[in-house]
Amino acid sequence: MAYNSFEDLEVWKRACNSAVQTYEMMKNCRDYGLKDQMTRAAVSIASNIAEGAERDSKAEYIRFLHIAKGSAAELRTQVYIARKINLISETDANMVNELKQISAMLHGLIKSLKLKT
């Protein structure tokens, strides 16, 4: 699928929404270390998609998409931990499913880019 900008990518839009959801979920958290780590990972997903898309080579784009995918896994892990220590609710922990979908979308985008000549 051709696009004009990273803003057209559904995966980028969903990653931005996940970042906003993370900020909302953690706004009253007093565990500042975990809060900082989670918000950084959340912002990193969408940011790396955007940065990679604006790079001058397909190889760099793919590299940044891998970094975004890693950040999604990092945030998923932090959500699991936050739930286990009762920092977030069961409802908030459902964010894991969205992060898994984002990871799958990133995987698909990486595969499609690798197939292009």
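Structural remarks
- In plain terms, the residue of L87, L34, L113, L75 with the fewest other Cβ atoms within 10 Å comes first and the most crowded comes last, giving L113, L34, L87, L75.
- Kirkwood Rh and Cα Rg combined as Rg/Rh, the chain: 1.01
- Simple rule: put +1 on each Lys or Arg Cβ and -1 on each Asp or Glu Cβ in region 9-115, find the dipole, and look at L87, M25, A104; the Cα lying farthest toward the positive end is A104.
- Listed residues N86, N17, N48, most fluctuating in the chain (Gaussian network, C-alpha, under 10 Å): N86
- Computed FRET value (nearest 0.05) for N4 with A93, which takes r as the C-beta separation and R₀ as 41 Å: 0.70
- Seen from G70, the other residues with C-beta closer than 13 Å to its C-beta sum to a net charge of +3, counting Lys and Arg as +1 and Asp and Glu as -1.
- Between region 67-116 and region 1-65, the Cα center-to-center distance that results, in Å: 11
- Per-residue HN-Hα couplings for region 25-42 [Karplus 6.51, -1.76, 1.60; θ = phi - 60°; Hz; x = Gly/Pro]: 5, 9, 4, 9, 6, 9, 8, 5, x, 5, 4, 5, 4, 5, 5, 5, 5, 4
- Karplus-derived 3J(HN,Hα), 6.51/-1.76/1.60, for each residue of region 43-50, Hz, glycine and proline x: 5, 4, 4, 5, 5, 6, 4, 5
Laboratory data are not the source of any read-out in this text; all were calculated from the coordinates shown. What you see is a predicted model; the values in this text were computed from it and never measured. In this analysis, Cβ positions are derived from the backbone assuming ideal geometry, glycine residues included, and neighbour counts consider all displayed protein chains.
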